[in-house]
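To keep things clear, I will list the structure first and then write my remarks on it.
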């Protein structure tokens, strides 16, 4: 038996077997991107006072767990803290023997056990010191995770250095039942493989068939003479094209364009199905009828794609333009010329004979290849105009064309600061008017950051973590900033909601609960994976999780 | 710092009221003590189960039990972080329990390697809460109907909150069920519809997709050529044979795209799974367990869904209890059906309908047995009914009781003719 099928027995490699369940999501290309990535975790900024070790850093370590398991290339943990008893009650990647040792070294050691292919390093110096001593340190990393709360000066210097280098930053905080994190992406963050719902990417071009497709549709003009078996197996795509031509004959050459006409067209198709067969109907006609409303729409560019076409990076190419923009520019030309995007070329399954389906599928595939070839030609022309030699790979052009309808570009925002720009202040004011909004939790965390910075700088005693009047006066300062360019101050109800959230944070005196930190570590890792693989669509830019109600929300702050 | 500080932050949350905790709640020693005395059961020691065990141990639970029948496979290692390469082949429940016990001092974890169906009501009665991290709808429905069936209104201790988590790729859900009081897994069955099966005639005669060729090799060619070998989806030689056979068929029909990975995916019905989604959903369930065990904050009522493909999206809502739920409702569930289908076809419909999903049903009306699979004599007596049309067997609006070997209860359906 075995000798008959020698090549099958080799099967997937041990690595492919280990990563099988994730390769089905981000494929070999995503996996390779992960393996080429080193992630930096800044897990604390030194102690807050004499008694408190400050940040437990559980979110950071849990996030790394979720990145080490799928196989990032490596990680570095920067954490000057020493392991204490409360760490053991919250952090799974520490053990009794870790007490009194460096937290960076101990968490690094236990995380490395999860995956022998991942490199792990640790550093016990505060990040500010490392940045001064090793200017090249940050640039070795593809992503920076920061566990807050952290001294404002450290946060700001890290974020601005990362911004200059174009390295994404995730800043997290988790206290009691609440958590929040923000993602700072580079100024321009394009994503080609956004993995939209397959339904939404279906593009059959039924209202504007290209010549080869129109010819295939014309080939079923003998529909009435087909026997029941053949008639019941004509692919619905051809049925719709055929009946559209019939419709046009009696409608001045126009296709059904509104709901009423489409409903009429649908009835017209329905009435053409044979019902005198044993099944009392035909599946291919049922499929055709079901497709009328969603497939008979003229091609239209999504507004997000139109926006990308209008971006300056697309219209003002330079010899330094990224490959992404060269392809966008070529695809925009394609669209200008044909009023459609390159055909993705995928045909959904449908009732049909094997050979008929395969030949129809080939018509779509051939057209898709032709469109790719045309875009490639434009790309090469642009490259030579820019004085570049074919630096954009054929593979990239192909992947782009297949995903063209759903590409995205995110404009990176900074990690939000308590005194943000006018735009974010306005957004905060609007959100504060909504009593279901989670923004009150976010603002409570902003107060926590201020209080912690105060403790670290020796301005406040450690007890400030549970000092109600101090939190309340810091809140009023923040609310003052938020209302500074508005006509009225923030109302009392909104203020009370923030005070309630703050009370919940003060309940654990800044300490975190493992569940909430683990959940947050899952969410943060999800974002890290999306950023590193450049697949799926990352957060823009702040997420707040409420573990009391088990809900979350995203805000652009 | 003293050893008593280990649970400092957790105990603060349990010793101090918050703005959202119940005003009647009494924080402090008693609450902590009742948490430590809460015996809790975890069903599944896989992707969710590993996380759930870790989270419960670090949430102050001291007496945890875990059931899983599986052994560790290499493809588990990308997310089931309690297992190492050297553990491959060992029972998940035992390895997971030993790991967490060793790491978190003072917690006792009792593993059981076997099926949930091996245990009876007495076993389930000893727990305060049941947390499920399963990938099988069938097992979920079984534990759900068992826990609903255990509820004795005169004995509040008989009501065991069921917290259930599930994931697929970047998506997942967590839900809290108070058996007999709130919407149960059976009430929500139609939210978890199975993928529609490819009709057998497509597989047998007109394949169009690579998956159709794989199904053919797996279901038809294997039966035809190797019926004496029982197919084992973990046997590389078996999968290899199916792959090659599918490839040959695909070539014959000019279908492209059959790969080894796809073959495995189809025959094992593989669902993509990653560590991060499991972390989110598992922690959502254990956070509810902590809240239910201690009342330190209100618990989820009753369903949270999560999707991470585009940003972070959650939707939290209250699923409704259904009066016609076969498990916790009092009425028969209405099912609309063409009276001209045969009983055999109706049985197929029961397998596919999102609100039924019964694969091996036996059916009877109040007066007569329509079809009974077991014992063989009864099967022999009733199988002639399979070819009869429904209209010749039951009346419009009549109730039919359906039993299925996978479940302990009967499902009641009221047949409404079209």
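The values are calculated or read from the model by the stated rules, or taken from the named source; none is laboratory data. Quantities reported herein were computed from a predicted structural model and do not represent experimental measurements. We place every Cβ from the backbone using ideal geometry, glycine too, and count neighbours over all the protein chains shown.
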| query | When the stretch B:332-344 is examined, which residues are found to be free of Cβ contacts under 8 Å to residues at least 60 places away in the same chain and surrounded by fewer than 17 Cβ atoms within 10 Å (Cβ to Cβ)? | reply | B:340, B:341, B:342, B:344
| query | For the subset of the stretch B:28-48 comprising residues that are in a loop (DSSP other than H, G, I, E, B) and in contact with a helix residue (DSSP H, G or I) (Cβ under 7 Å, 6 or more places away or on another chain), which member is nearest to residue B:129 (Cα to Cα)? | reply | B:38
| Does the stretch A:214-243 hold any residues that are in a loop (DSSP other than H, G, I, E, B) and over 45 Å from the mean Cα position of the chain (by Cα), and which are they? | A:221, A:222, A:226, A:227
| message | Need the failing condition index for residue B:312 against (1) out of contact with any helix residue (DSSP H, G or I) (no Cβ under 8 Å at 6 or more places or on another chain); (2) within 7 Å of chain A (Cβ to nearest Cβ), just the number. | response | (1)
| note | Per the list (1) buried (at least 16 other Cβ atoms within 10 Å of the Cβ); (2) assigned to a helix (DSSP H, G or I); (3) without any contact (Cβ under 8 Å) to a residue 60 or more places away in the chain, residue check on residue A:256 breaks on (2)
| said: Go through the stretch B:274-305 and report how many residues are at the interface with chain A (Cβ under 8 Å from one of its Cβ atoms) and part of a strand (DSSP E or B). | reply: 1
| said: Which numbered condition in (1) in contact (Cβ under 8 Å) with a residue 24 or more places away in the chain; (2) assigned to a loop (DSSP other than H, G, I, E, B); (3) in contact with a helix residue (DSSP H, G or I) (Cβ under 7 Å, 6 or more places away or on another chain); (4) at negative phi is the only one that residue B:213 fails? | reply: (2)
| field | Every residue from the stretch B:291-304 that is on the phi < 0 side of the Ramachandran plot and in contact with a helix residue (DSSP H, G or I) (Cβ under 9 Å, 6 or more places away or on another chain) | value | B:293, B:294, B:296, B:297, B:298, B:299, B:300, B:303, B:304
| query | What single numbered condition from (1) touching a strand residue (DSSP E or B) at 6+ places or on another chain (Cβ under 7 Å); (2) part of a loop (DSSP other than H, G, I, E, B) fails to hold for residue B:60? | reply | (1)
| query | Which of (1) surrounded by 15 or more Cβ atoms within 10 Å (Cβ to Cβ); (2) out of contact with any strand residue (DSSP E or B) (no Cβ under 7 Å at 6 or more places or on another chain); (3) farther than 18 Å from residue A:515 by Cβ does residue B:67 not meet, given it meets every other one? | reply | (2)
| message | Between B:391, B:364, which is under 16 Å from residue B:414 (Cα atoms) and under 30 Å from the mean Cα position of the chain (by Cα)? | response | B:364
| For residue B:23, are the conditions met, namely being at pLDDT below 95, out of contact with any helix residue (DSSP H, G or I) (no Cβ under 9 Å at 6 or more places or on another chain) and surrounded by fewer than 22 Cβ atoms within 10 Å (Cβ to Cβ)? | yes
| message | Given the condition at pLDDT 95 or above and closer than 26 Å to residue A:257 by Cβ, answer yes or no: does some residue in the stretch A:316-326 qualify? | response | no
| remark: Residues of the stretch B:3-19 being facing chain A (nearest Cβ under 7 Å) and over 18 Å from residue A:515 (Cα atoms), in sequence order, are B:3, B:5, B:16, B:19
| said: Can you report the number of residues in the stretch A:151-185 which are crowded, with 24+ Cβ neighbours inside 10 Å and at positive phi? | reply: 1
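Condition check ((1) on the phi < 0 side of the Ramachandran plot; (2) surrounded by fewer than 16 Cβ atoms within 10 Å (Cβ to Cβ); (3) at pLDDT below 95) across all residues:
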| residue | (1), (2), (3) |
| --- | --- |
| A:410 | yes, no, no |
| A:424 | yes, no, yes |
| A:464 | yes, no, yes |
| A:473 | yes, yes, yes |
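Being assigned to a strand (DSSP E or B), farther than 23 Å from residue B:323 by Cα and more than 21 Å from the chain's Cα centre (by Cα) narrows it down to one of B:378, B:370, so name that one.
The conditions single out B:370.
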| Inside the stretch A:169-203, can you point out the residues that are under 21 Å from residue A:553 (Cβ atoms) and in a loop (DSSP other than H, G, I, E, B)? | A:177, A:185
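Okay, residues lined up against (1) within 8 Å of chain B (Cβ to nearest Cβ); (2) buried (at least 24 other Cβ atoms within 10 Å of the Cβ); (3) under 24 Å from the mean Cα position of the chain (by Cα):
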residue	(1), (2), (3)
A:505	no, yes, no
A:512	yes, yes, no
A:521	yes, yes, yes
A:533	no, no, yes
A:538	yes, yes, yes
A:544	no, yes, yes
A:551	yes, no, yes
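Can you spot a residue in the stretch B:263-273 that is in a loop (DSSP other than H, G, I, E, B) and surrounded by 22 or more Cβ atoms within 10 Å (Cβ to Cβ)?
Within the stretch B:263-273 (the criterion being in a loop (DSSP other than H, G, I, E, B) and surrounded by 22 or more Cβ atoms within 10 Å (Cβ to Cβ)), the answer is yes, since at least one residue qualifies.
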| query | What is the one condition in (1) in the same structural domain as residue A:231 (by TED's automatic domain parsing); (2) free of Cβ contacts under 8 Å to residues at least 40 places away in the same chain; (3) more than 23 Å from residue A:210 (Cβ to Cβ) that residue A:314 does not satisfy? | reply | (1)
| message | Looking at (1) within 15 Å of residue B:318 (Cα to Cα); (2) modelled with pLDDT of 95 or more, which one does residue B:188 not meet, given that it meets all the others? | response | (2)
| note | Picked from the stretch A:17-47 (must be touching a strand residue (DSSP E or B) at 6+ places or on another chain (Cβ under 6 Å) and within 30 Å of residue A:126 (Cβ to Cβ)), the residue farthest from the other protein chains (Cβ to nearest Cβ) is A:42
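Filter the stretch A:341-358 for residues that are within 7 Å of chain B (Cβ to nearest Cβ) and free of Cβ contacts under 8 Å to residues at least 24 places away in the same chain; which is farthest from residue A:195 (Cα to Cα)?
Per the stated criteria, the residue is A:354.
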